[in-house]
């Protein structure tokens, strides 16, 4: 081992050689280096060199440097140095720094760092020594042998477990490193000015293995003041480490290959520290306090143990067995009142055996761990510790063949469960933990350690529950696979009103809430031939999806959450709405020969409305309500809210079809057409569920070193389609004669058919149904802070996506109204002066249904602070925050056609009038919905938030939805074949085609911004912050056609016959 004193002496002598003999003057230009890197460690580094006196050939300077790593280790360094250029091609220098190092174990050390350096042409050489001037070891805690994996110092006996006890030491040592580098000339293409280096490092420790390693690096200039650095190291203890960094430097020369320009160069120090923020490598060591033999034999402890402060006589030392307050009496085992269980054999628990069972040498079998036996143990030996070997055990009330029908297992106050190795000497490792199928209810003062709690095959929806108690601790526990039934909530672990709650190294995963139930379809209406057909019934609405939560904490104090992994939390989807039933059809075939009765109008059934879709459930990683908590070193990932259910499609309106054959000889005659059924409205869609990483409500929470990734809000469902209205087809055939059967003829009428008036009317279908509304997309928030105070340090957020809005349903098409009238006689008919025939009184096509409006996109926010809250945020990295897209509006339905064909042949009829007809209007297109915003940090007006040191990349708001197209108007077409006697008058009114529907409006885009106005930010770096675009408005519907054809089938050229057209 080198002599540190001789090295320091050499450094002092070297600086004394650097004599300033020519033109010495004060130099005022400092040199600054800023570096940020990642890889094995994420870190920031800064270096400031200030020349005190010197010239172009020599310099005396002071230097300060600091580094901070993501592992919470750091160092600060201050020193002075001298450099001298000989005027030819050599530069020599020396320096002395004092480093203050804080390790990842939060130990603090002071280290003296002398060093020398030499530059010749393009080569540079550096050598450093590291000499601790404070203690090289610090005690960071104590641990038993089983916790450290030292099985030889552990013994299980009867109902006890004994283990040796150790101090845990954080240790540094004397060290040294050396580095040689070569810098390429600037005129070399692509690599000019690049530096390559190779170095080695060494440290020796009193209680651990010595450290030996090598390091290589490559520095690539990007601009005059920026370069990219890639470094890799490998050693016998920490193995491979690598980082890549961006370095900015100001005040030094860009020409590194010229020796005289190295007077302001960075000192090359601290090799082998790539994976820590500290400037020196530390190791964890152990120092035994008392051995297993001492524990079991009850020997006196050494009063000078590093755990305690010595006294003159040792009588007040807490380890002194004569001290009644001794908390570590060597006669006390590490665990007392231990009850041992195994899944491999074992004895059956028997009530009469009392404490004489379940010992280390005679463990009980797995079936003996049930609620009855737990309660018995609690009576004979309160505060029991249950030890389990690897295997499967039931966490249900009773041992049954069907554990899914059982309830959770209750641990009495003071009872705890530990997973152990097969010989009980060591804690169970990840792959060998005992697994309990079911769920636990904890009554207080309970510990679960090194176990798995699993809901597979059970009906449990929550893994661990504790309420109105204290002192609950979970360590090295996995809670997984809890799936709720339809529409029910699921939670990994739930704690309410707990004082002193600790979760350490806990995994909660695969928590799945139940999906909502789909609505049933409505029934179709019954058909009819007379009167009114049956209506279609409405489809049933879908139910909401269940909510899913990883960990829920409410009304609790002194909560510590460390090293948590909450992942794969899935809320339930909303159920789809049922489809509406179709209306019944109305069909008639009337024959009214030689009678005087009018056919009865018929009405088809209306289609049923579609059922509404259920809302998607919300998903939360960790929920904290009315509590105080600290969260450290944890990760929340893959949390997804449920999608909204789709609205049910509406039922179709029933058709109305009539065919009438009339032979008439007498009296007033009036023919009614039928009514088609209206289409039902489409069901509205359910909203997408919200997703939140950490929901902080009315609480005080501190967060340090937290990662939240892959949060996805639910999409809104699509609205149901509106039902088409029914169509009407109407066919009338009318015959008149003067030789009708005598039994029905009055003598006053001279046996001639006498028709005083005839009216054919009311072919008028109802309208189509509207499309249902699309559901809004859910909001996505990484950390929601409501009526609370939250302090956040070292927070990484990635991939937060809000839900897209659902599309509006299309409107139904209007039904067509079609009529054909055939009216003629075989001989002459005498009409009185008031007689006349009117055809097509109000023939109208049904209007198309309106398209449903779309659901808006959800908002995506990194951190929110609202309702009188305060948020203090430091060192945050956010990336990939996406607002939801607005849904597209539904298309309007087309209007129904109104088509008429008249065939008229009557010799003596007068005063004919043919009315116009109207095509149905097209439905309006639904409006597109607005996009969701994307915001890094949001604070409401009544709250405050401050953020320092932020990097935000790729923050994009959603796109506005497109408006729906308007439906086309219905056609109104007519064909008239007319054969009348001269002297007759016929009037034909104009027809009106249906109008095209209005277009739907486009949805607006939304904001993409780093923070809202009420947030104070500093030192923010941003990239790729973009707002989505506004949607496109829909097209207007086209109007229907309006065509008419009139044909003269007889002699209408007589001057006594007239034909007029009212405007058409």
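Values in this text are rule-based calculations from the coordinates and carry no lab data. Computed from a prediction, not measured in an experiment: that's the story for all the values here. Using ideal geometry, Cβ is built from the backbone for each residue, glycine included, and neighbour counts are taken over all protein chains shown.
When each of the peptides 466-474, 411-419 is scored by how many other beta carbons lie within 10 Å of its residues on average, the order from highest to lowest is 411-419, 466-474.
Computed from the C-beta positions of residue 228 and residue 380, the FRET efficiency with R₀ = 41 Å rounds to 0.05. Ellipsoid fit via the Cα gyration tensor, region 338-460: semi-axes of 19, 17, 14 Å, each the root of five times an eigenvalue, largest first. Among 1013, 509, 265, the order by Cβ neighbours within 10 angstrom, fewest to most, reads 1013, 509, 265. Got a sec? Which residues in region 262-289 would a label at residue 48 touch, if it sits 7 Å along Cα→Cβ and we count backbone N under 13 Å? Flagged as within label range: none. Put a dot 7 Å past the Cα of residue 1020, heading toward its Cβ, do the same for residue 157, and the two dots end up 6.6 nm apart.
Here the extension length gained between residue 1043 and residue 240 equals 280.6 nm, from 0.36 nm per residue of separation less the Cα-Cα distance. The alpha carbons of region 34-152 stretch over 66, 29, 26 Å along the principal axes, in descending order.
If the segment from residue 526 to residue 557 were pulled out straight at 0.36 nm per residue, it would be longer than the present Cα-Cα gap by 4.7 nm. Under a plain spin-label model, where a point goes 7 Å from the Cα along Cα-to-Cβ, how far apart in nm are residue 29 and residue 565? Placing both labels 7 Å beyond Cα along the Cβ direction yields 5.3 nm. On the beta carbon distance between residue 497 and residue 218, with R0 = 51 Å, the FRET formula returns roughly 0.30. With R₀ fixed at 25 Å, the C-beta to C-beta distance from residue 332 to residue 147 puts the FRET efficiency at about 0.90. Across the alpha-carbon atoms of region 154-217, the computed radius of gyration and Dmax are 24.0, 80 angstrom.
Over every Cα atom in region 985-1028, the radius of gyration and the widest Cα-Cα span, Dmax, amount to 27.8, 91 Å.
The length gained on full extension between residue 467 and residue 90, counted as 0.36 nm times the residue separation minus their Cα-Cα distance, comes to 128.2 nm.
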